[in-house]
Every structure is written in structure tokens, then in C-alpha cells.
Amino acid sequence: MSDRAENAETVDGSDLPRDPQLAPGICADDYRAALRRHPAGVTIVTLDSGSGPVGFTASSFSSVSLDPPLVSFNIANTSSSIDALHSADSLVIHLLGEHQQHLAQRFSRSADQRFADVSLWARLDTGEPVLHGTPSWLRVIVDQLIPVGDHTLVIGLVTRVHAEADDDSASAPLLYHEGRYYRPTPLGSANNGS
């Protein structure tokens, strides 16, 4: 038996290498193009660095566990916010509504402009910056920071939940897909004739 055969498993009749060194390489551009086709909810993460507010846009937010209530997101190791995140004990994850596209754009640009308009935010009693008009946000304690490739995976324990029950925008989250912002449209609704 060859080395290649020993490191392969059969799935649907095809041999796939188990050893990543034997797997064919992929082009970074192809990888990015494939992932751009997967829509993601848009969030803004905010925290207090000790010397001022820090925040950034993230589309990698995910629920991890119900008991205990854990969530996650990723941040690039080259981000201007990475050092502040590594020293933070807590943060706020804002689940943006479609009306907050301007904030998503603001928080993905130059760090010095993100909190420049003081009418857009306030501080929680625990010190973290919170953005006005966000349909839902979560205050979390940083539980784990895990280096993964060129990013850091952040696991947070949710300690406080805010959800606007009567806000119309709560039913229209902000999505990011193929480099543009969107809002979802229900399938099978009376408006599309289904």
C-alpha cells in the first residue's frame, strides 16, 4: 500500500487526502470569492481600552452555547483594535439593523473617526461604549482568546442582553454579501406571489 493510500479516506467513492500537505493548494482570491457569496449578519464590537473607546465592524459573529450563554467572533491580528481587545475584560456586540449601515461603514474605516460623533453613543454603567438605536446588543465578558491562523477567535460569556421589542428595525437586520449591504426579504410572502 502506498503512503498516499494510507493517508486517504473514501467519501462518495473519491479518495481525499487526510494529510493537509497532500491536499491541493487553494488560491487566496478563490477562497475570498467563495466566502463573499455567503451572507453574514453585521455587528459592531465596542470596548473601553482604558484610554478611550475602541470599536470595529465584524461579520463573523456566531452563537456558540446556550448554557452557558457563549458567543464568538473573529478579529484579524493586523487590526488596529487587536491590542485593545487583548487587554479588555468585557465588550459589547451590537447586532445591527438595516438603518445602521452608516455605522457599519464608519466602524470599518479609520479608527480615529469611529467615536468622533458623540451623539451616536453613550457608556453603559459598566463603562463599555454602546451605540444608540441598535435593535439588539449583548454585553459579554471575554472568556477566551484563541489564536487561529491570521485571526484571533474571541469567545465571550453573555452577561446582559438588550433587545428592542417594539422597534420595527428589529425585523430587518443588516446583512453583508458580495461586498455590499443588504436587508433580508422573507421567502414565500404574499408580496412575491408564492
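The portion of the accessible surface of segment 73-194 made up by carbon and sulfur, rounded to a whole percent, is 50 (1.4 Å probe; DNA, RNA and ligands excluded). A 1.4 Å probe run over segment 34-168, with the rest of the protein chains in place, finds 51 Å² accessible per residue. Here the calculated FRET efficiency for ALA76 and CYS27, from their Cβ-Cβ distance with R0 = 25 Å, stands at 0.80, rounded to the nearest 0.05. Spin-label model, HIS99 to ARG160: label points 7 Å out along the Cα-to-beta-carbon direction sit 2.2 nm apart. Per-peptide packing, taken as the mean over residues of other Cβ atoms within 10 Å, places 29-35, 111-117 in the sequence 111-117, 29-35 from highest down.
The values are calculated or read from the model by the stated rules, or taken from the named source; none is laboratory data. These numbers were taken from a predicted model, which means no experiment stands behind them. Every residue, glycine as well, gets a Cβ built from its backbone with ideal geometry; the counts of neighbours run over all protein chains shown. Quick note on the areas: whole protein, heavy atoms, side chains included, nothing else; ligands and nucleic acids left out. Shrake-Rupley method; radii C 1.70, N 1.55, O 1.52, S 1.80 Å.
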